[in-house]
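The values are calculated or read from the model by the stated rules, or taken from the named source; none is laboratory data. Model, not experiment: these values are computed from the prediction. Every residue, glycine among them, receives a Cβ derived from its backbone with ideal geometry; neighbour counts consider all protein chains shown.
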Amino acid sequence: MIKNRDVGDWSGRLPGVDSVEELRVETSMSSAQFNRPGSVILSTKSGTNTVHGSAFETNRNSDMGVARRRQDFYTKPPHYVRNEFGVSFGGPVYIPKVYNGKNKTFFFVSYEALRTRSASTSSTTVQTDAMRNGDYSGMVDAQGRLTTIYDLDRQTLSAAALISRGVSVASARKKSVLLFSILMTSAIPAVLVSNVFVSIALISVATVGYTGALANMLAMPADRFPKSTVGSVWGIASMGAGFGGMVFSLVTGWVVDHYSFVPVFVGFGILPLIAALIVWFLPEARQWNSDEALGEANE
């Protein structure tokens, strides 16, 4: 019985077709030399007293036609050439004037190979000329249905919406931070109410506020400082945020161990509002740079 030497199973390379003498499948009453009742026994050919052999070649070439998938739209099929070939040869071992193996010693060898050269086709979707000019009114989905596009900047209370209405960058950023910070105060009643669903809803509102406030605060250095110093400002702010996060984690653990989660949620709701008020009263000394940054972004 032949098995793959690497993995010990049939998943490897089996002997060539011309080298197989017999294939037998046993589902019961297998010999004790096999460890399972179901066995597949494959026996290879051996040489005989007569010299014999074979050769074959199977060729598939795209120049002579090839089937294509229904979704392919090409007029010329992709290049594909497949050659599968092999030879086998066997007979008695015979060395002139030295050894004659007839009726005693035999040999049999076989060789098979596969050579494939192939290419494939693919299709993609690109923007139309109108889309490249900013007009997406004709955009459709895969079923050809017209896609409705909403102008989110004019339908939300984000900083971008305020800027699009003519509000200065710095003022829009301050108002957005203050608005989202007020939403974060919903974390305070979240730990005081008895209804679980109301508490979850309040925490969700606070999370939305946290996300909006954080996004605007992260963008604020680019609005208020020259591009050459924005990286340094972000670096200092990140260092402070990392240190503050470490301290807050330690304080949170101590407060929860000695009191409860209520002071933590109260702090979560009040501290961002205090920070928003500080941001609100920041001077407008570098307002010109914010407008300049906005102009560069529009370009």
Item checked: Qualifying residues in region 110-148 (those that are surrounded by 12 or more Cβ atoms within 10 Å (Cβ to Cβ) and among the aliphatic types (A, V, I, L, M)) - the one farthest from the chain's Cα centre (by Cα) -> A130
Next item on the list: Taking the residues in region 252-266 that are surrounded by 15 or more Cβ atoms within 10 Å (Cβ to Cβ) and over 38 Å from the mean Cα position of the chain (by Cα) as candidates, determine which candidate is farthest from I182 (Cα to Cα).
Entry: V255
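Can you report the number of residues in region 98-154 which are assigned to a loop (DSSP other than H, G, I, E, B), over 30 Å from S43 (Cβ atoms) and of a type in the set (S, T, Y)? It would help to see each step written out before you state the result.
We begin by selecting, within region 98-154, every residue assigned to a loop (DSSP other than H, G, I, E, B); these are 98, 101-105, 119-128, 133-139, 141-145, 147-151.
Next cut, over 30 Å from S43 (Cβ atoms) only: 98, 119-128, 133-139, 141-145, 147-151.
Filter once more, so that each one left must be of a type in the set (S, T, Y): 120-125, 128, 136-137, 147-148, 150.
The qualifying residues number 12.
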Next item on the list: Take region 63-83 and flag every residue that is modelled with pLDDT of 75 or more and part of a loop (DSSP other than H, G, I, E, B).
Entry: P78, H79
Checklist line | Of the criteria (1) surrounded by fewer than 13 Cβ atoms within 10 Å (Cβ to Cβ); (2) under 29 Å from L14 (Cβ atoms); (3) at pLDDT 80 or above, which one G86 fails | finding: (1)
Item checked: Qualifying residues in region 36-56 (those that are at pLDDT below 80 and in contact with a Lys or Arg (Cβ under 9 Å, 6 or more places away or on another chain)) - the one nearest to P15 (Cα to Cα) -> L42
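Can you tell me which residue in region 149-172 is farthest from P263 (Cα to Cα), limited to those that are surrounded by 18 or more Cβ atoms within 10 Å (Cβ to Cβ) and modelled with pLDDT under 75? Walk me through it before giving the result.
If we filter region 149-172 for residues that are surrounded by 18 or more Cβ atoms within 10 Å (Cβ to Cβ), which is where we start, we get 158-159, 162-163, 169-170, 172.
From the residues that got through so far, the ones that are modelled with pLDDT under 75 too are 158-159, 162-163, 169-170.
Working: S158: 30, A159: 31, L162: 34, I163: 37, V169: 35, A170: 33 Å.
For region 149-172, the residue satisfying everything is I163.
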Notebook entry, point to check: What number goes with the only condition from (1) surrounded by fewer than 16 Cβ atoms within 10 Å (Cβ to Cβ); (2) in contact (Cβ under 8 Å) with a residue 60 or more places away in the chain that R224 does not pass?
Noted result: (1)
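I need a count of the residues in region 173-205 that are under 33 Å from the mean Cα position of the chain (by Cα) and surrounded by fewer than 22 Cβ atoms within 10 Å (Cβ to Cβ). Explain how you work it out, then say what you get.
Taking region 173-205 as the starting set, the residues that turn out to be under 33 Å from the mean Cα position of the chain (by Cα) are 180, 200-201, 203-205.
If we keep only those that are surrounded by fewer than 22 Cβ atoms within 10 Å (Cβ to Cβ) too, we end up with 200-201, 203-205.
Qualifying residue count, region 173-205: 5.
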Notebook entry, point to check: Looking only at region 173-193, which residues are at pLDDT below 85 and hydroxyl-bearing (S, T, Y)?
Noted result: S176
Check: Can you tell me which residues in region 261-281 are in contact (Cβ under 8 Å) with a residue 40 or more places away in the chain and assigned to a loop (DSSP other than H, G, I, E, B)?
Finding: F261
Item checked: Members of region 276-291 found to be surrounded by 15 or more Cβ atoms within 10 Å (Cβ to Cβ) and modelled with pLDDT of 80 or more, listed by number -> A276
Next item on the list: Would you be able to tell me the number of residues in region 232-248 that are farther than 23 Å from F180 by Cα and either outside any helix (DSSP H, G or I) or of a type in the set (S, T, N, Q) (or both)?
Entry: 1
Notebook entry, point to check: Is there any pair linking a residue in region 82-95 that is touching a residue at least 12 places away in the same chain (Cβ under 8 Å) and more than 10 Å from S19 (Cβ to Cβ) to one that is surrounded by 16 or more Cβ atoms within 10 Å (Cβ to Cβ) and polar (S, T, N, Q), with Cβ under 9 Å and at least six apart or on different chains, and which?
Noted result: V87/S110; F89/S110
Note to self: Of the conditions (1) within 27 Å of V167 (Cα to Cα); (2) at pLDDT 80 or above, S249 satisfies every one except a single condition; which number is it?
What the structure shows: (1)
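Do the conditions hold for R60, that is, is it out of contact with any strand residue (DSSP E or B) (no Cβ under 6 Å at 6 or more places or on another chain), surrounded by 12 or more Cβ atoms within 10 Å (Cβ to Cβ) and either at pLDDT below 85 or part of a strand (DSSP E or B) (or both)? Show your work before the answer.
Values: out of contact with any strand residue (DSSP E or B) (no Cβ under 6 Å at 6 or more places or on another chain): no; surrounded by 12 or more Cβ atoms within 10 Å (Cβ to Cβ): yes; either at pLDDT below 85 or part of a strand (DSSP E or B) (or both): yes.
No.
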